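Enquirer: Dropping a structure here in structure tokens format, bear with me for questions.
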Amino acid sequence: MLAALATVLTAGREPPLRVYAIDVEGGFATLYVTPQGHSMLIDTGWRAGLGGQLGDPDSVDRIVSVMREAHVQRINTLLVTHYHRDHVGGAVELMARVPVDRVVDHGPNREFPPAGQQPGPDSTVVLYAEYMKATGQRPHIVLKPGEQLFIDDLQITAVNSDRATVAEPLPGAGTTGYGCDRATVNDKLGGEENPRSLGVLIQWGAARILSLGDMTWDMENSLACPLDLIGPVDVMFADNHGSDNAMSPVFVDTIRPRVVVFNNGPLKGAAPNSIRAVQSSPRLQGAWQLHQAEASGAANVASEHIVNVSTPKDAIHTLRLNLWRDRAISVFNGRTKATAWYLPT
């Protein structure tokens, strides 16, 4: 029955945009592939030796494995949201292992150790310097709010960058934010680089994908109140892995995502409050986690929507989304081998 449904839903359609949410153990790495085979990777997970259990494949190994699955031999655009070790940590190794045509980021690092403290090997200062050195002579774009990039028919618009946001509502936005009178303050940043993340709205035909890096609560609210600056989205990658300092209910209810993906790890992200904010959002059709969140208990999404469950050995499954221009979405769970369909309403 499901095979027949898939045949009906895909019959006569052009190939979709493919999106691979890669399990990098609470880091972030998401691969976009157009029907023409051109690619964008947002973030690179951890450097070798971090993330996962001893003996597990490193983040870049996992990215390269998914590239092979997607029949991608090079990264045409590497977009680095910010310079924390779970986002930029694998960049140097990735650029040494596969061709990367250009890099995009928010500009210079803004996070420094306290005066008199020597930066460690995983500090943003050190990681940023290594990333910039590895970038070499590749084209390097600093994307500011409102500026755009194109990959084939994929339109990428910067929503937030270096603690600034778009000044005017994007097309399809501009209404009053939902529940702004109930907005609360959460000043837990988790490091200065988080609110400086480069976040983007990705458009494929009528389909809209929101990926804001580690955007934090108060910055989220500035995008929703007093006016909604983004508009409704079809897919949202949870801000800051769905940690406690992100996924403000006011923001989530304003942008009204249909599908939300938590790029979380077993011990990081997908906090109960974030899961509840998503599940109570008025237009939600499906919420997904890359990992069962061990600290979230019963707040985890339904088991069939969890890609990697707590077992003695992590199976490192990937979540794959297909998006069509008319906003139809399919989500394939690499663990269960089942596909869920979300049709536009």
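Enquirer: Any residue at all in the stretch 99-107 that's within 21 Å of ASP239 (Cα to Cα), open to solvent by less than 50 Å² (accessible area, probe 1.4 Å), touching an Asp or Glu at 6+ places or on another chain (Cβ under 6 Å) and of a type outside the set (A, V, I, L, M)? Lay out the reasoning, then the answer.
Expert: At the first step, the residues of the stretch 99-107 found to be within 21 Å of ASP239 (Cα to Cα) are 104-107.
Keeping just the survivors that are open to solvent by less than 50 Å² (accessible area, probe 1.4 Å) gives 104-107.
Remaining after also requiring touching an Asp or Glu at 6+ places or on another chain (Cβ under 6 Å): 106-107.
Add one more test, that the residue is of a type outside the set (A, V, I, L, M), and what stays is 106-107.
Taking every residue of the stretch 99-107 in turn, at least one turns out to be within 21 Å of ASP239 (Cα to Cα), open to solvent by less than 50 Å² (accessible area, probe 1.4 Å), touching an Asp or Glu at 6+ places or on another chain (Cβ under 6 Å) and of a type outside the set (A, V, I, L, M).
Enquirer: OK, next. Report, ordered by the first and then the second residue, all pairs with beta carbons closer than 7 Å, sequence separation of six or more or different chains, a first member in the stretch 12-28 that is touching a residue at least 40 places away in the same chain (Cβ under 8 Å) and part of a loop (DSSP other than H, G, I, E, B), and a second member that is open to solvent by 20 Å² or more (accessible area, probe 1.4 Å) and among the basic types (Lys, Arg).
Expert: GLY26/LYS268
Enquirer: Quick test for you: out of LEU284, LEU321, pick the one residue that is part of a strand (DSSP E or B) and either of a type outside the set (S, T, N, Q) or buried (at least 19 other Cβ atoms within 10 Å of the Cβ) (or both).
Expert: On the way: LEU284 fails: part of a strand (DSSP E or B).
Testing whether each residue is part of a strand (DSSP E or B) and either of a type outside the set (S, T, N, Q) or buried (at least 19 other Cβ atoms within 10 Å of the Cβ) (or both) leaves just LEU321.
Enquirer: Here is a further query. Which of the following residues is modelled with pLDDT under 95, open to solvent by 50 Å² or more (accessible area, probe 1.4 Å) and either assigned to a loop (DSSP other than H, G, I, E, B) or in contact with a strand residue (DSSP E or B) (Cβ under 6 Å, 6 or more places away or on another chain) (or both): GLN117, GLN137?
Expert: Numbers: GLN137 fails: modelled with pLDDT under 95.
Criteria check complete, one pass: GLN117.
Enquirer: Then there's this: Can you tell me which residue in the stretch 53-88 is nearest to LYS144 (Cα to Cα), limited to those that are open to solvent by 10 Å² or more (accessible area, probe 1.4 Å), of a type outside the set (Lys, Arg) and in contact with a helix residue (DSSP H, G or I) (Cβ under 8 Å, 6 or more places away or on another chain)?
Expert: HIS84
Enquirer: Let me ask you something else. In this structure, does VAL252 turn out to be buried (at least 24 other Cβ atoms within 10 Å of the Cβ), hydrophobic (A, V, I, L, M, F, W, C), under 18 Å from the mean Cα position of the chain (by Cα) and assigned to a strand (DSSP E or B)? Reasoning before the result, please.
Expert: Numbers: buried (at least 24 other Cβ atoms within 10 Å of the Cβ): yes; hydrophobic (A, V, I, L, M, F, W, C): yes; under 18 Å from the mean Cα position of the chain (by Cα): yes; assigned to a strand (DSSP E or B): no.
Criteria not met by VAL252.
The values are calculated or read from the model by the stated rules, or taken from the named source; none is laboratory data. Fair warning: this is a prediction, and the values are worked out from it, not measured in the lab. Ideal geometry is used to build each Cβ from the backbone, glycine not excepted, and the neighbour counts take in all protein chains shown. Note: areas computed on protein heavy atoms with side chains; ligands, DNA, RNA excluded. Shrake-Rupley method; radii C 1.70, N 1.55, O 1.52, S 1.80 Å.
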